[in-house]
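The values are calculated or read from the model by the stated rules, or taken from the named source; none is laboratory data. Since this is a predicted model, take the numbers as computed values, not measurements. Cβ placement follows ideal geometry from the backbone for every residue including glycine, while neighbour counts extend to all protein chains displayed. For the accessible areas, the whole protein counts, side chains as well, though only heavy atoms, and no ligand, DNA or RNA atoms are used. Shrake-Rupley method; radii C 1.70, N 1.55, O 1.52, S 1.80 Å.
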Amino acid sequence: MHPPEGEREARQEWAAKNAPVFREVNERLEELRAPTASFIDFVCECAQVDCVEQILLTVSEYEALRREPERFAVSFGHDNPDVDRVVAEGER
């Protein structure tokens, strides 16, 4: 069951505004990483207002994700069918 149209639009608007903020945080984390770090705890880029989840990815995994500007790193179960479409899942 989908939320009422107004609620769905509000979620879509929130996601459109905030996903770039989370993306910027993750890009900064990537810049600040230790040169020998194999993995980085990236911030979940989901549309949940109160989300504080982290996603463990390699730098190459995150860079591959970023090659597609419409793709975001989202924790398992944090996708919202009103605004998201899962295109790949990883082991972590």
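Considering only the range 44-75, how many residues are touching a helix residue (DSSP H, G or I) at 6+ places or on another chain (Cβ under 6 Å) and of a type in the set (Asp, Glu)?
Matching residues across the range 44-75 total 1.
Residue-wise test of (1) aromatic (Phe, Trp, Tyr); (2) under 16 Å from residue 92 (Cα atoms).
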residue: 32; (1), (2): no, no
residue: 36; (1), (2): no, no
residue: 42; (1), (2): yes, yes
residue: 50; (1), (2): no, no
residue: 53; (1), (2): no, yes
residue: 66; (1), (2): no, no
residue: 69; (1), (2): no, no
residue: 74; (1), (2): no, yes
residue: 77; (1), (2): no, yes
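Considering the range 31-51 alone, what residues qualify as being aliphatic (A, V, I, L, M) and touching a strand residue (DSSP E or B) at 6+ places or on another chain (Cβ under 8 Å)?
40, 43
Going through the range 38-92 one residue at a time, which ones are of a type in the set (S, T, N, Q), outside any loop (DSSP other than H, G, I, E, B) and open to solvent by 50 Å² or more (accessible area, probe 1.4 Å)?
Passing the criteria: 54, 60.
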